[in-house]
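The values are calculated or read from the model by the stated rules, or taken from the named source; none is laboratory data. In this text, all values refer to a predicted model and were calculated from it rather than measured experimentally. Here the Cβ positions follow ideal geometry from the backbone for every residue, glycine too, while neighbour counts run over all protein chains shown.
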Amino acid sequence: MESKGSQRCLAGKQENLEAIVQPYREIGEELPVEGLSKMSRLKLLRLGKVNFSGSLHFLSNELGYLEWYGYPFTCLPSSFQPYKLVKLILHHSNIKELWEGIKLSC
């Protein structure tokens with residue numbers, strides 16, 4: 001996905017999007033992370049070095065595969081319910097804990 005394509009994808013209406021795979025080359029410009037919050041059906045997210053602006057408040061609970069090189073946040077969003085997650089890769093991230101608080105299973 002090219003930089004402009006990434007920008008369109010994260011800024012546009014993409015509620016039905018199920019996968020984002022971005023190559024491991026750096027994207028120099030900042031992209032709005034809030035765009036990920038609109039992707040409630042996202043099952044696969046693989047991001048290379050991307051500069052994001054804003055705060056991540058939501059990740060799709062449908063995610064089965066999450067790979068994010070350089071994850072810029074200290075924890076995953078508290079609303080994220082990782083019941084379907086089978087693979088989590090966060091190389092060179094700022095993560096300190098998976099989430100804040102206590103997760104209760106249903």
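Residues that are under 9 Å from the mean Cα position of the chain (by Cα), surrounded by 21 or more Cβ atoms within 10 Å (Cβ to Cβ) and closer than 19 Å to TRP99 by Cα within the stretch 46-67 comprise LEU59, SER60, LEU66, listed in sequence order. Consider the stretch 78-102 and keep the residues that are within 12 Å of the chain's Cα centre (by Cα) and surrounded by 16 or more Cβ atoms within 10 Å (Cβ to Cβ). The one that is farthest from SER37 (Cα to Cα) is LEU90. Looking at the stretch 41-85, which of the residues that are among the basic types (Lys, Arg) and either under 17 Å from GLN22 (Cα atoms) or touching a Lys or Arg at 6+ places or on another chain (Cβ under 7 Å) (or both) is modelled with the lowest pLDDT? Checking each candidate, the answer is LYS49. Specify the residue that is modelled with the highest pLDDT; the eligible residues are those in the stretch 2-19 that are more than 25 Å from LYS84 (Cα to Cα) and not in a helix (DSSP H, G or I). Ranking the candidates gives GLY12 first.
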